[in-house]
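All remarks here apply to the structure that follows.
The values are calculated or read from the model by the stated rules, or taken from the named source; none is laboratory data. As the structure is a computational prediction, the values presented were derived from the model and not from experiment. Here the Cβ is made from the backbone with ideal geometry for all residues, glycine too, and neighbour counts use every protein chain on show. Quick note on the areas: whole protein, heavy atoms, side chains included, nothing else; ligands and nucleic acids left out. Shrake-Rupley method; radii C 1.70, N 1.55, O 1.52, S 1.80 Å.
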Amino acid sequence: MNLNIKVWRQKNNTSKGQFETYPVKANEHMSFLEMLDVLNEDLVSQKKEPIAFEHDCREGICGTCSLVIDGQPHGPNSGTTTCQLHMRFFKDGQTIVVEPYRAKAFPVLKDLVVDRASFDRIIQAGGYISVNAGQAPDGNSLPIGKDYAERSFEAAACIGCGACVAACPNGSAMLFTSAKITHLGLLPQGEVEADRRAQAMVAQMDKEGFGFCSNIGACEAECPKEIKLDNIAFMNRSYYKAVFSGE
């Protein structure tokens, strides 16, 4: 495949970026990141600066490979991370536009790399259980309803990649934050701190400069783990319950 990659190049956080276009020869069996690896090898062989982009597990687990491809976070395939996206879904001769996430709370550090530490600070505000839950209990000694267990597991699938923020025209992080609140809030171990957790994480989310949710639903549509909007409703109920109960 002969492709043209129109990619965002930006030297650092304070410099002005611009698009640059590079030709690259790719194999249809390559992943998108492997195609970028090939492009970078070509650039290095020409003594040019390689393109900076983030990656780690390359198995759709860590959420590090966060790119906007042809206007969509993680590219054109639903339920797929950038590292799991393969070049057979593109056409020979196609020009592919690759950008970093665009959000006030995700400043660009270099090329396609953005600073997502704001997500870490939201987790630090309350995305954990600090009460002593004792030793690991025996199986089935702590009954949890099947529906609750499944909803909690689905919310826990959030990999914190930030696609929800990049997809939202308001730059809202409510899908991410709500997934973390729902994951813990539906389990008995997380109920003790549920009120404090909801207030602290929502307050930190607002402090980081994320936008408000206006129920557009782009976050759910672009989420590679298909996290549901229902989590936002759960978060709102948890937050207002905590506020009005005076906890």
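Counting only heavy atoms of the protein chains and using a 1.4 Å probe, E191 has close to 110 Å² of accessible surface. Placing one equal scatterer on every Cα of the chain and applying the Debye formula, the log10 ratio I(q)/I(0) at q = 0.07, 0.11, 0.18 Å⁻¹ is -0.28, -0.63, -1.31.
Let me have the 222 nm mean residue ellipticity of the chain computed from DSSP H runs of 4+ only, each contributing -39500 (n - 2.57), with the sum over all residues rounded to the nearest 500.
On the way: 9 runs with 91 residues, N = 247.
The per-residue figure over the chain is -11000 deg cm²/dmol.
If R0 is 45 Å, what FRET efficiency do you get for R196 and E28 from their C-beta distance, rounded to 0.05?
Values: r = 51 Å, r/R0 = 1.13.
Computed FRET efficiency for R196 and E28 comes out at 0.30.
Would you work out what percent of the accessible area of region 117-189, with all protein chains in place, is carbon or sulfur (probe 1.4 Å)? It is 52 percent, rounded to a whole number. Quick one: how many Å² of F19 are accessible to a 1.4 Å probe, rounded to 10? For F19, solvent-accessible area is about 80 Å². How many nm separate the modelled label positions at N132 and F19, each set 7 Å beyond the Cα in the direction of the Cβ? With each label point 7 Å from Cα toward Cβ, the separation is 6.0 nm.
Considering every alpha-carbon pair of region 196-247, the percent of pairs per 5 Å bin, from zero through the bin containing the longest distance, is 4, 17, 22, 24, 21, 7, 3, 0. Shown are K228, K6, whose ranking by accessible area with a 1.4 Å probe and every protein chain present, most to least, is K228, K6.
Take every DSSP beta bridge with both residues inside the chain and express the antiparallel ones as a percent of the total, to the nearest 5. Write out the running numbers ahead of the final one.
Numbers: 16 of 21 bridges.
DSSP beta bridges in the chain are roughly 75 percent antiparallel.
Each of Y239, Y148 has its accessible area taken with a 1.4 Å probe; listed largest first, they run Y148, Y239. Largest mean-square fluctuation among T182, T64, T95, in a Gaussian network model of the chain whose springs join Cα atoms under 10 Å apart, belongs to T95. Ranking S172, S45 by solvent-accessible area of protein heavy atoms (1.4 Å probe, all protein chains present), from largest to smallest, gives S45, S172. Where a ≥ b ≥ c are the square roots of the eigenvalues of the C-alpha gyration tensor, would you call region 63-143 rounded, which needs a/c under 1.5, or, failing that, prolate if a/b is larger than b/c, or oblate? Oblate, because a/c is 1.5 or more while a/b does not exceed b/c. GNM on the chain, alpha-carbon springs under 10 angstrom: the most fluctuating residue among H29, H55, H86 is H29. Label-to-label distance, I144 versus Q189, with points set 7 angstrom from Cα along the beta-carbon direction: 0.7 nm. Helix 146-156 and the longest principal axis of the C-alpha atoms of the chain enclose an angle of approximately 40°. Between helix 194-207 and the chain there is an angle of about 40 degrees, using the helix long axis and the longest principal axis of the Cα atoms. Of the residues Q189, N170, G160, the one whose Cα sits farthest towards the positive end of the charge dipole of region 148-217 is N170 (charges of +1 on Lys and Arg Cβ, -1 on Asp and Glu Cβ, taken about the Cα centre). Spatial offset of region 95-127 relative to region 152-210 amounts to 16 Å, using the alpha carbon center of each. Placing a label point 7 Å from the Cα of K91 along the Cα-to-Cβ direction, the residues of region 10-46 whose backbone N falls under 20 Å of that point are 22-30, 32. Once the Cα atoms are used to define both axes, helix 32-45 deviates from the longest principal axis of the chain by about 40 degrees. Lysine pairs in region 88-228 whose alpha-carbon atoms fall under 20 angstrom of each other, counting only those eight or more residues apart or on distinct chains, come to 6.
At 25 °C and a viscosity of 0.890 mPa s, what translational diffusion coefficient does Stokes-Einstein give for region 1-114, taking Rh as the Kirkwood radius over Cα pairs? Give it in µm²/s as a whole number.
Working: Rh = 14.2 Å.
My calculation gives 172 µm²/s for D.
Dividing the mean sequence gap of close Cα pairs (under 8 Å, 6+ apart) by how many residues region 47-138 holds gives a relative contact order of 23 percent.
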